1. Rounded to two decimal places and with Rh computed the Kirkwood way over Cα pairs, what is Rg over Rh for the range B:91-169?
2. To check you understand DSSP bridge types, tell me what percent of the beta bridges within the protein assembly as shown (both residues inside) are antiparallel, rounded to 5.
3. Once amide H atoms are placed 1.01 Å from N in the peptide plane, what residues at a sequence separation of 5 or more from B:TYR220, or on another chain, have their amide H within under 5 Å of its amide H?
4. For Cα pairs less than 8 Å apart in space and 6+ apart in sequence, what is the mean separation divided by the residue count of the range B:78-135, i.e. the relative contact order in percent?
5. Show me the ranking of peptides B:3-12, B:199-208, A:264-273 by mean Cβ neighbours inside 10 Å, starting with the highest.
6. Expressed as an acute angle from 0 to 90° and rounded to the nearest 10, what is the orientation of the C-alpha long axis of helix A:325-334 relative to the principal long axis of chain A?
7. Report, in deg cm²/dmol and to the nearest 500, the calculated mean residue ellipticity at 222 nm for chain B, where each DSSP H run with n ≥ 4 adds -39500 (n - 2.57) and the sum is divided by the residue count.
8. Please average, across the residues of B:67-80, the number of beta carbons from any other chain that are within 10 Å of each residue's own beta carbon, and give a whole number.
Amino acid sequence: MIVRRLPKPAGIMGLGALFILMLALPRILGPYWTNLLNDMGIYAILGLSLNIILGHCGLFHMGHAAFYAVGAYVTAILSTRFAVPILWTLPLSGLMSGVFALVVARPIIHLRGDYLLVVTIGIVEIVRIALVNNIFGLTGGSNGLLIINPISIFGFQVFSPAHFYYLIWSIGAVTILLFYLLQNSRFGRALNYIKQDELAAEGCGVNTSHYKLASFVLGAVWAGMIGTIFAAKIETVSPQSFSYSESVLLFAIVILGGAGSIPGVLLGAFLITGLPEIFRELQSYRLLFFGAAMVAMMIFRPQGLIPPGRRFYKVRPYLGRFPCGIAARSGARRGISLSASPGYPAGTDAGADAGKPARGPGDMIEEQA
Amino acid sequence: MSILRLRGLSKSFGGLVAVDEVSFEVSRGGIVGLIGPNGAGKTTVFNLITGNYKPDEGEVIFENKNITGLLPHKIVEMGIARTFQNIRLFPEMSALENVLSGCHCRMRSGLLASMFHLPGQRREEQAALETAVKELAFVGLEEQYDNLAKNLSYGRQRLLEIARALASGPRLLILDEPAGGMNDQETQDLIGLIREIRGTGISVLLIEHDMNLVMKICDYLIVLEYGAVIATGLPSEIKKNGRVIEAYLGADNLLEN
Ligand SMILES: Nc1ncnc2c1ncn2[C@@H]1O[C@H](COP(=O)(O)OP(=O)(O)O)[C@@H](O)[C@H]1O
Ligand SMILES: [Mg+2]
């Protein structure tokens, strides 16, 4: 995150104010703009899910719309053919999309950079064509499927823009929180190691193909679940919604906002979905502006509008506990004998127990006990 | 008692035989030097040991287990850590995070534990931080913990790679030209550091061009030329070996002092 550490009370007050503002927005803005916020929310969450793959892991994946499509169609098919309540399909959409990602990503995961990009574009096209051709007789061809049942949460029906607003942005908040925690973990770091130098990551003990695949599957599961919400919101699920240009848009959200940065992706989603609406009169120049903005970004700010911040680690308790460098250690040894055995840094856990090898593989686990 | 044994290892690239039936052993607790002129195939031998390349023929035996053809991360997990000849740190990450990458294979938290920061995950993360700081201090880089790897001096980047390798808790450490780009003082310190590493029970196999360093710290040498082993022995024996002096051509004066 950009903000390394806000002072606690200010941080909490800021979050509280934001929360109240978010609650009030649909009333302030009215249905038209609320609907826009809903689109923005969907793109933001999709962007965050793509950010795991593209932003954190550095995999050039331009077929995210395919995963999103699988989720939306799972919901549409189950809802129209089998009358399954929409929210029940949510986990299944995620699951199916994840399995789909696993199957298609497995054989291509070793491809690098632009090669992967081309293949993922292929995937999104294949999915779209399969949908148009009414695959398995389930997808309704180019007309798609019409969902009749609204989402119902404990009998409460979600249909107005404001309802969707609260649903989408609640999911958005949970997504932000979970992905924030994830990026500050062993998993998140592993993805970044791969992005920076895959060969070095593998050489340091990171199972790179496992993590690359895991990032694909996680991104797909999330996109699939958002597919469910999208299906319920748009009511007609058809192949046009999952075209290649949709994938490009998501790609642009991540790259423009800042690859690997949650605030960056949120800003990216806001700009890419919001600005064209705000400047509606300039509609016809929209693509021109969009293209020019992308070119300018790549030249002047390739890291994105809000590049990822540094992680914060609580290292203070450990600093100064271990004599630093050979000079310090040999000095210590020449003075009072701090260490029982000459090879060990004086005063460490390892030095205290000279009998056992200091750096066995279980070293860290032992220290934790 | 040897910790690592290479048996008839061969590797060619197209028509070029880079490594030609190489066999040698690294004794447990030893510091073994792999030397030879540029292009002799030393780095390729390392890449065969660490799983970056698969040998055309031959086996790599580590602690009596055949590790030939395993993926590099598996080999790190088994207890062999390495550094790279052309430094390969994670440039945009802090020194601390670079060392944490070494801890990765000793941690267990999966996706869900990471996503929800479960208690076990938090404990593991703290333990990893402690290990990382310990290794940073060990190589003398504690104060640099928050600096980006790319902003460190060349010599320090080499030390950071060593700290990162140590963080994986290896029993064999493989160093590819660790003194490359270091000044005299840094090289002196490095000699002390490698001795300390051995003192903690880690065996060391290193490639080095600095003959001064090699003669000082290695207790056994293997000389490679055109991919094949041309001599093995104690540093004092290698110094006098006619074949080796010839292989190094004008470098014989280096071997004298
Ligand atoms: N990946 C590769 N592809 C083709 N040739 C290679 C590759 N790696 C090494 N070589 C060749 O193998 C030979 C040995 O290289 P190397 O092991 O790097 O030598 P050293 O480390 O002893 O200087 C060189 O001739 C080099 O060009
Ligand atoms: Mg080399």
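1. Across the range B:91-169, the Cα-based Rg/Rh ratio is 1.02.
2. DSSP beta bridges in the protein assembly as shown are roughly 60 percent antiparallel.
3. Here the answer is B:ILE31, B:GLY33, since their amide H atoms fall under 5 Å of that of B:TYR220.
4. 37 percent
5. Details: B:3-12: 19.1, B:199-208: 21.7, A:264-273: 23.8.
Ranking the peptides B:3-12, B:199-208, A:264-273 by packing returns A:264-273, B:199-208, B:3-12.
6. The two axes meet at around 30 degrees.
7. -11500 deg cm²/dmol
8. Neighbouring Cβ atoms belonging to other protein chains average 3 per residue here.
The values are calculated or read from the model by the stated rules, or taken from the named source; none is laboratory data. What you are looking at is a predicted structure, and each value in this text was computed from that prediction instead of being measured. For neighbour counting, all protein chains shown are included, and Cβ atoms are generated from backbone atoms with ideal geometry for every residue, glycine included. For the accessible areas, the whole protein counts, side chains as well, though only heavy atoms, and no ligand, DNA or RNA atoms are used. Shrake-Rupley method; radii C 1.70, N 1.55, O 1.52, S 1.80 Å.
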